[in-house]
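Reading through the structure tokens given below for one structure.
No value in this document is a laboratory result; all are computed from the given coordinates. This structure is a prediction, so every number in the text was calculated from the model and none was measured. Because the Cβ atoms are built from the backbone with ideal geometry, glycine has one as well, and the counts that use them run over all protein chains shown.
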Amino acid sequence: MKKLLLGLFVGAVGIAMADPKALAQQKGCFACHDVNVKKVGPAFKDVAAKGKNIEHLVSSIKKGSSGQWGPIPMPPQNVSDEEAKKLAEWINSLK
């Protein structure tokens, strides 16, 4: 049973890494962001339109940010370097 559950978990993580939108959903990004509409944080398309490089976005995801989109800060997110890069690349692709 443990092997089955572990296999399902590993499979879900693999699918999320292959699909950045699924990864964003898994990591809770959509609690504050949407692709097209501002919520608590900016829409991902607005972030992409700002034209920041991948390294800047990775840093903002991993370390958090404040003052870039208004008074509400984004706290650091619990993601790996690989996950942050995948998310940043996906966000930038929404231009």
I need every pair where a residue in region 54-81 that is under 22 Å from Lys95 (Cα atoms) has its Cβ under 8 Å from the Cβ of a residue that is among the hydrophobic types (A, V, I, L, M, F, W, C) and part of a loop (DSSP other than H, G, I, E, B), sequence separation at least 6 or different chains. Ile61/Val79; Lys62/Val79; Met74/Cys32
Right, Glu89: touching a residue at least 24 places away in the same chain (Cβ under 8 Å), surrounded by fewer than 17 Cβ atoms within 10 Å (Cβ to Cβ) and among the acidic types (Asp, Glu) or not? yes
Can you pull out every residue in region 44-64 that is of a type in the set (Gly, Ala, Ser) and surrounded by 17 or more Cβ atoms within 10 Å (Cβ to Cβ)? Ala48, Ser60
